[in-house]
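The values are calculated or read from the model by the stated rules, or taken from the named source; none is laboratory data. Note that this is a predicted model, so its numbers are computed, not measured. Backbone-built Cβ (ideal geometry, glycine too); neighbour counts: all protein chains shown.
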Amino acid sequence: MRALIVGGGGRGLALAEQLRARGDAARVVTRKPERRAEIEAVGAEYLDGDPDRIGTLRYACENVTILVWALATATGDDLEKIDALHGSRLQMMLERTIDTTVRGVIYEARGTLPGDTLARGREVIERMCRKNEIPFTFLEADPADTAAWVDAADDAIAGLLAMDRG
């Protein structure tokens, strides 16, 4: 199993490390090239990309089983761009997963962003994943508690993989 982790900072890195420790693969997206060594140190694959520029993630889903969209604590000066990560950018990413090996999507639905932003992301996930018959789940763990977050994300992955796609 290979997970594509978009966002999450330290949480995403901790999830990648846990996945690698049990023999799974993880690809971590970052727009900060200086994080490459840190990502590779836990055995994950580094991918230079920016979820605000979906074109940079063009090949991110190659050989990926689970997409983890962990951007509920995204920060920055441009609130419209952050909001788009849970609206138009998320929708574009999901449109690109249709003809890939992605068998499930995890959306981080709890974080520091406004509730209406995360609610919009939930709606996009529900609409796009149902339309394209991609199983999905919402990660509700507290992002401030990294260990609990990682365990919840790992459980979510296991749940998606166990789903009957009948």
Query - Where a residue in the stretch 119-136 is in contact (Cβ under 8 Å) with a residue 40 or more places away in the chain and among the aliphatic types (A, V, I, L, M) and its partner, wherever it lies, is part of a helix (DSSP H, G or I) and surrounded by 20 or more Cβ atoms within 10 Å (Cβ to Cβ), with Cβ under 7 Å and at least six apart - result: Ile134/Thr97
Query raised in the report: Has the stretch 149-165 got any residue that is part of a helix (DSSP H, G or I), closer than 20 Å to Asp83 by Cα and either without any contact (Cβ under 8 Å) to a residue 60 or more places away in the chain or not β-branched (Val, Ile, Thr) (or both)?
Result: no
Report summary line: Note on the stretch 104-133: residues part of a loop (DSSP other than H, G, I, E, B) and at pLDDT 95 or above are Ala109, Arg110, Gly111, Thr112, Leu113, Pro114
Requested in this report: Could you list all residues from the stretch 59-78 that are among the hydroxyl-bearing types (Ser, Thr, Tyr) and over 13 Å from Gly49 (Cβ atoms)?
Outcome: Thr65, Thr73, Thr75
Query raised in the report: For the stretch 71-93, what are the residues that are of a type in the set (Gly, Ala, Ser) and in a helix (DSSP H, G or I)?
Result: Ala84, Ser88
Query - Selection status of Glu62, farther than 24 Å from Val150 by Cβ, more than 13 Å from the chain's Cα centre (by Cα) and outside any helix (DSSP H, G or I) - result: yes
Requested in this report: Filter the stretch 64-117 down to residues that are among the basic types (Lys, Arg) and within 28 Å of Met163 (Cα to Cα) and give me whichever is surrounded by the most Cβ atoms within 10 Å (Cβ to Cβ).
Outcome: Arg89
Requested in this report: Go through the residues of the stretch 131-140 one by one and say whether even a single one is under 19 Å from Val29 (Cα atoms) and surrounded by 13 or more Cβ atoms within 10 Å (Cβ to Cβ).
Outcome: yes
Query - the stretch 41-58: number of residues that are among the hydrophobic types (A, V, I, L, M, F, W, C), over 16 Å from the mean Cα position of the chain (by Cα) and part of a loop (DSSP other than H, G, I, E, B) - result: 1
Query raised in the report: Of the residues Gly55, Gly43, Gly49, which single one is surrounded by fewer than 19 Cβ atoms within 10 Å (Cβ to Cβ), in contact with a strand residue (DSSP E or B) (Cβ under 8 Å, 6 or more places away or on another chain) and not charged (D, E, K, R)?
Result: Gly43
Query raised in the report: When you go through Glu17, Glu38 one by one, which is the residue that is touching a Gly at 6+ places or on another chain (Cβ under 8 Å), surrounded by 15 or more Cβ atoms within 10 Å (Cβ to Cβ) and either polar (S, T, N, Q) or part of a helix (DSSP H, G or I) (or both)?
Result: Glu17
